[in-house]
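Any read-out appearing in this document is the output of simple, stated calculations on the displayed coordinates, not a laboratory observation. All values derive from a computational prediction rather than experimental measurement. As a convention, Cβ positions derive from the backbone with ideal geometry for all residues, glycine included, and neighbour counts pool all protein chains shown.
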Amino acid sequence: MCGIIGYVGKEDAVSIIVEGLKKLEYRGYDSAGIAVYGASGFFDVVKQKGRLASLEAGLADNPLTACIGIGHTRWATHGEPSDINSHPHVGNQSKVAVVHNGIIENYKQLKENLEHSGIVFSSQTDSEVIAQLAEHYYNGDIMETVIKISGRLEGSYALGIMCVDEPDMLVAVKKDSPLIIGVSKNGNFIASDVPAVLKHTNEVYYLEDREIAVLTKDSVQFYDMDKQPIQKTPETITWSFDSAEKGGYEHFMLKEIMEQPKVLRDTINSATVSGECKENIENLDISRFNKIVITACGSAYNAGVVAKYVFEQLCRLSVEVELASEFRYKDAIIDSKTLVILISQSGETADTIAAMREAKSKGAFTLAIVNVVGSTIAKESDLCLYTAAGPEIAVATTKAFSTQLAILYALAVRFATSLGKLSSETENELLCEIKALPEKVTEILKHIDSIQKVASSYVGYKSIFFIGRNIDYAIALEGSLKLKEISYIHSEAYAGGELKHGTISLIEENTLVVAIANCERLYGKIMSNVEQVASRGASVLLIGSCKNDEPDERVSSIVLPDVHELFSPSLSVVALQLLSYYVAANKGLDIDKPRNLAKSVTVE
Ligand code: F6R
């Protein structure tokens, strides 16, 4: 939710900030802006409603030159997307400019107080209050001002701040929203996420809550809220700059789908063969838990639903899957005998962070599966396993989801073995099946043209249902979410047997039902559902490894390689991702940045 970047150095700040914003656009894209301190001796600000292209057009009309500046790309929370509500916000005295990611929960009260002292606000945002409050407190010492405003702000914030009296200095502070500090010989950076600075540096510091960073072109210093210096160690990012580029593909989403064999292989190797993950996991005694709770949001939640089937089947241990946004408020029945598994690509999803903190406060052990190194969930959980998906830029997750599944499978096998539920022979068989997944995904990707062709015939549908039974139902949830988020076609997922309890009344001509069929023992059951919907006029697409022996002109098929039933979601999902991708591509939609969405949901 919103991306911020700042630069101070020897190079052209404007182009560096605009480039960085392009890498952060996945965080929000309804407006963007930049403020620099240039030759005028004042802030020069250009901000524009719309995509970054609008900001670039604004900058072409009004070129800026500077070596220090801050930029922002917005996902509106308070106040509609508009030029005036865009960031940066500058206080009325034109002394302080601010970019903000997060939500200021007490902004109304702060705003009222400031208005009583005569300050006139120009936007409807919560963020403007930060710039006005900073000017209100400013006494010639910007760091002291930042400390004062941090004491007044409630909610979440990552802030990039410039002050006209300190024309060579950027100040940054954060609470519950991510912020990294990049360092290079040509200048220093603040950013919401690593890809924004990767072109210039792979040396970054992760700012902790209530730490202040003070950046000049040749130095970065950190302080606590008592103005005491703090020593921090930079981390070296192993992601390459290319991994955050489209690499010749039309969309990041397609590139990321195609990367899945590689990232699956990397993740499976780290989770099953050697390395840090294995050692950490080996120290975890699963027999001390009497229940597993998995909690996450969106696709990560769907990965949890898949995992429930796998864990329960292999470990014979009860697993609950909870939406993090619900879990955090439900006073869950958990204690030190509960293993809470958190799944998050970004590691910054506000609801999942809150769920983790709730679980920890009740004494549960928290195990996180996270993609972004150094993120809040990675750092705060009791144990973190990293997916090796690399940077995922498209808003709709694909490769991160696949790597989450891979880690969950490996965990389930490990837990089942240590609980004595698997013979070493079965354990080896299952591990071989997991290790074979990248090859099988490659096989599906070889037939991408035929999936594209099938997808092109579904562009005109108004409603698409996804059905499956057991673990096929779990992955139907993800197929439906993927389709609706990028194609804007109404879609729902149902357990096949549930249709007749109400939903079947929606089935008519011009509805498409995508039936997932990998569970051999339930094949007859799902085919009965197919018959029920086809006889009511629906078109049907059958996806799975089960072969349809009785060709039916009402039913199209995407046949997947044979695979162990429990790991079949890893293959189904690739076909489902491609289906969604090509439906959306045929509609000419902005696939990497679907309307109203943002990749990292750092607000409630
Ligand atoms: C859908 C999607 C979202 C995320 C969800 C959780 O394609 O990407 O549903 O899965 O917002 O995000 P993370 O995994 O970053 O916690």
Inset, instruction - Measure nothing fancy, just the Cα-based angle from helix 471-487's long axis to the longest principal axis of the chain, in degrees from 0 to 90, nearest 10. - result: 40 degrees
Legend entry - Global form of the stretch 467-518, assessed from the alpha-carbon gyration tensor, a/c cut-off 1.5: oblate
Legend entry - Three-way shape label, the stretch 376-460, alpha-carbon gyration tensor, a/c 1.5: oblate
Legend entry - Residues Ser505, Ser240, Ser127, Ser381 arranged by fewest to most Cβ contacts within 10 Å: Ser505, Ser240, Ser381, Ser127
Inset, instruction - For the stretch 107-185, state the semi-axes of the equivalent ellipsoid (square roots of 5 times the eigenvalues of the alpha-carbon gyration tensor), sorted largest first and rounded to whole angstrom. - result: 23, 16, 11
Legend entry - Mean separation of Cα contacts under 8 Å, 6 or more apart, over the residue count of the stretch 309-455: relative contact order %: 20 percent
Inset, instruction - Note down the Stokes-Einstein diffusion coefficient of the stretch 347-398 in µm²/s, whole number, using a Kirkwood radius over alpha carbon pairs, 4 °C, and 1.567 mPa s. - result: 112 µm²/s
Inset, instruction - Using Cα pairs closer than 8 Å and at least 6 residues apart in sequence, work out the relative contact order for the stretch 373-457, in percent. - result: 17 percent
Inset, instruction - Quick one: which residues, 5+ away or cross-chain, put their amide H under 5 Å from the amide H of Ser557? H built at 1.01 Å from N. - result: Leu542
Legend entry - Table column - 3J(HN,Hα) (Hz), the stretch 332-342, Karplus curve with 6.51, -1.76, 1.60, x for Gly and Pro: 4, 8, 9, 7, 5, 9, 9, 9, 9, 9, 9
Legend entry - In Hz, Karplus ³J(HN,Hα) per residue of the stretch 360-375 (6.51, -1.76, 1.60; θ = phi - 60°; x = Gly, Pro): 5, 5, 9, x, 6, 8, 10, 10, 10, 10, 9, 9, 8, 4, x, 6
Inset, instruction - Please label the shape of the stretch 224-313 as rounded, prolate or oblate, based on the square roots a ≥ b ≥ c of the eigenvalues of the alpha-carbon gyration tensor (a/c under 1.5 means rounded; beyond that, a/b larger than b/c means prolate, else oblate). - result: oblate
Inset, instruction - Treating the angle as unsigned and between 0 and 90°, give the value, to the nearest 10°, between the Cα long axis of helix 128-137 and the longest Cα principal axis of the chain. - result: 30 degrees
Inset, instruction - Give the order of Arg288, Arg328, Arg51, Arg27 when sorted by the count of other beta carbons within 10 angstrom, beginning with the fewest. - result: Arg288, Arg51, Arg328, Arg27
Inset, instruction - Would you please give the residues with an amide H less than 5 Å from that of Thr398, counting only those at least 5 places away or on a separate chain, with H modeled from the backbone geometry? - result: none
Inset, instruction - Express in nm, to one decimal, how much length is gained between Ser318 and Glu112 on full extension, taking 0.36 nm for each residue of separation and deducting their alpha carbon distance. - result: 69.1 nm
Legend entry - Per-residue Cβ neighbour rank within 10 angstrom, fewest leading, Asp351, Asp193: Asp351, Asp193
Inset, instruction - Would you mind giving the average projected area, over all directions, of the Cα convex hull of the chain in nm² with one decimal? - result: 27.5 nm²
Legend entry - Relative counts (whole %) of C-alpha pair distances in the stretch 469-563, using bins that are 10 Å wide: 16, 53, 29, 2
Inset, instruction - For the stretch 6-137, just the Cα atoms, rotate onto the principal axes and tell me the three extents in Å, largest first. - result: 41, 31, 23
Legend entry - DSSP beta bridge pairing in the chain, given as percent antiparallel to the nearest 5: 60 percent
Legend entry - Amide H partners (placed H, <5 Å) of Ser463, local residues excluded: Leu512
Inset, instruction - Treating the angle as unsigned and between 0 and 90°, give the value, to the nearest 10°, between the Cα long axis of helix 142-152 and the longest Cα principal axis of the chain. - result: 50 degrees
Legend entry - Contact order normalised by residue count of the chain, Cα under 8 Å, 6+ apart, percent: 12 percent
Inset, instruction - Step through the residues of the stretch 44-60 one at a time and calculate ³J(HN,Hα) from phi using the Karplus curve (6.51 cos²θ - 1.76 cosθ + 1.60, θ = phi - 60°), rounding each to whole Hz and writing x for Gly and Pro. - result: 9, 10, 10, 9, 8, 5, x, 5, 4, 4, 5, 5, 4, 5, x, 6, 5
